[in-house]
Amino acid sequence: MTVRIILDEKGRNVTTVGRETTLMEAARVLTQQKIGAVVVVDPDRHILGILSERDIVRAIAERGRDVMDQDVASVMTRKVVQCREDSSINDVMEIMTNGRFRHLPVAVDGRLAGIISIGDVVRRRIQDVEREAEDMKAYIAS
């Protein structure tokens, strides 16, 4: 099972912002889209960073509420761990668990091609386990 299969099922749309977007604007996007992170990209969709709800909360706790007027570039995670479409689900689970993050951008030729969340991965694993159980039941019954 690969990331490509998840993206083919869920779609490849990714909510992005530019580096000059304020934290307040980014927070509104997160709220409106009901998502936990946005990818910060340049006009050519090269990944510059990622901004999560945790990043915003941490910035407010450390710098105060005035930080919300600053741009996302001042708070975003710059060293973004990425995966490829041919990455396995097991590899992605390990990356997310070890890195302690819930969103993983997918890059193709250095450009943003999608994003997967821990929810996407767990959902897919549950489907696989249920399918395997059904196959086993069918095998035993035959």
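The values are calculated or read from the model by the stated rules, or taken from the named source; none is laboratory data. Everything quoted here is computed from the prediction, not taken from an experiment. Note that we place each Cβ from the backbone using ideal geometry, even for glycine, and neighbour counts take in every protein chain shown.
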### Message
Show the residue pairs meeting these rules: Cβ distance below 8 Å; 6+ apart or different chains; first residue within region 103-130 and farther than 16 Å from THR15 by Cα; second residue of a type in the set (D, E, K, R) and assigned to a loop (DSSP other than H, G, I, E, B).
### Response
VAL108/ARG84; VAL108/GLU85; ILE118/ARG102; GLY119/ARG102
### Task
Give region 111-126 a look and list any residue that's part of a helix (DSSP H, G or I) and aliphatic (A, V, I, L, M), or say none.
ILE118, VAL121, VAL122, ILE126
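Is it true that some residue in region 91-110 is within 19 Å of the chain's Cα centre (by Cα), among the basic types (Lys, Arg) and either at pLDDT 95 or above or in a loop (DSSP other than H, G, I, E, B) (or both)? Please lay out each step first, then the result.
At the first step, the residues of region 91-110 found to be within 19 Å of the chain's Cα centre (by Cα) are 91-110.
Then drop every residue that is not among the basic types (Lys, Arg), which leaves 100, 102.
Still in the list and also either at pLDDT 95 or above or in a loop (DSSP other than H, G, I, E, B) (or both): 100, 102.
Yes, region 91-110 contains at least one residue that is within 19 Å of the chain's Cα centre (by Cα), among the basic types (Lys, Arg) and either at pLDDT 95 or above or in a loop (DSSP other than H, G, I, E, B) (or both).
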### Query
Would you say ILE140 is within 12 Å of the chain's Cα centre (by Cα) and either crowded, with 17+ Cβ neighbours inside 10 Å or at pLDDT below 90 (or both)?
no
### Query
Looking at VAL57, VAL67, VAL75, VAL81, which one is under 25 Å from GLU9 (Cα atoms) and not polar (S, T, N, Q)?
VAL81
### Query
Looking at ARG54, ARG28, ARG58, ARG12, which one is assigned to a loop (DSSP other than H, G, I, E, B), surrounded by fewer than 16 Cβ atoms within 10 Å (Cβ to Cβ) and not small (Gly, Ala, Ser)?
ARG12
### The lone exception for ARG45 - which of (1) closer than 19 Å to GLY119 by Cβ; (2) touching a Lys or Arg at 6+ places or on another chain (Cβ under 7 Å) it fails
(1)
#### Entry: Single unsatisfied condition, SER88 versus (1) at pLDDT below 95; (2) among the polar types (S, T, N, Q); (3) surrounded by 15 or more Cβ atoms within 10 Å (Cβ to Cβ)
(3)
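Looking at this structure, is LEU23 under 27 Å from VAL122 (Cα atoms), in contact (Cβ under 8 Å) with a residue 24 or more places away in the chain and of a type outside the set (Phe, Trp, Tyr)?
On the way: under 27 Å from VAL122 (Cα atoms): no; in contact (Cβ under 8 Å) with a residue 24 or more places away in the chain: yes; of a type outside the set (Phe, Trp, Tyr): yes.
For LEU23, the condition - under 27 Å from VAL122 (Cα atoms), in contact (Cβ under 8 Å) with a residue 24 or more places away in the chain and of a type outside the set (Phe, Trp, Tyr) - is not met.
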### Message
Looking only at region 61-84, how many residues end up being surrounded by fewer than 18 Cβ atoms within 10 Å (Cβ to Cβ), in contact (Cβ under 8 Å) with a residue 40 or more places away in the chain and closer than 30 Å to MET1 by Cβ?
### Response
1
